[in-house]
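S.K.: Structure in structure tokens, see below.
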Amino acid sequence: MAEEQRFKRLYPRRKLLTPCRVSCADRLIMGKIVDVSYNGVSLLLPGTIELTEAASVEIPKRVRLRVRPVYNQPVFTRTLTEESTQYRVGFKVQLIEQGKRDWTNLCHVVHW
């Protein structure tokens, strides 16, 4: 019983920082994956991006996902030399087009 209540989500998020490419309509956007779960992925993308339709997220040479956007939140970052705004965009995974085994390995959360 204690193990079942350890995580609030059926598929817990796993922190991950890796580059990715997002393809939607006629655009290709470079971003960074922040966290993953079997059903979703959260990305950090530069600039304002209006994502209202399905897109493709690719982790180069490993995994390609068909996703749809769920949320878009601004994230303000400050370094010693500049301030910038990026956007954290959450996606629901619709289909794993390539690399299902690699995706499963990326999402796996160890239960202690």
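S.K.: For Leu16, what residues show an amide H to amide H distance below 5 Å, using hydrogens built from the backbone and excluding near sequence neighbours?
M.R.: So Leu16 has HN proximity to Asp35, Val36.
S.K.: Neighbouring Cβ atoms within 10 Å as the yardstick, rank Lys92, Lys32 fewest first.
M.R.: Going from least to most buried by this count: Lys92, Lys32.
S.K.: May I pose another question? Can you put Asp102, Asp35 in order of Cβ neighbours within 10 angstrom, beginning with the fewest?
M.R.: Neighbour counts put them in this order, fewest first: Asp102, Asp35.
S.K.: Could I ask something else about it? At what distance in nm do the modelled label points of Val109 and Met30 sit from each other, each positioned 7 Å from its Cα along Cα→Cβ?
M.R.: Here the answer is 3.1 nm between the modelled labels.
S.K.: With the cut-off at 1.5 for a/c, could you classify region 54-105 from its C-alpha gyration tensor as rounded, prolate or oblate?
M.R.: Judged from the Cα gyration tensor, region 54-105 comes out prolate (a/c at least 1.5, a/b above b/c).
S.K.: For Thr81, Thr52, what ranking results if the residue with the fewest other Cβ atoms within 10 Å of its Cβ goes first?
M.R.: Thr81, Thr52
Laboratory data are not the source of any read-out in this text; all were calculated from the coordinates shown. Bear in mind that the values here come from a model prediction, so they are computed numbers and not experimental data. Positions of Cβ are generated from backbone atoms using ideal geometry, with glycine treated the same way; all protein chains shown enter the neighbour counts.
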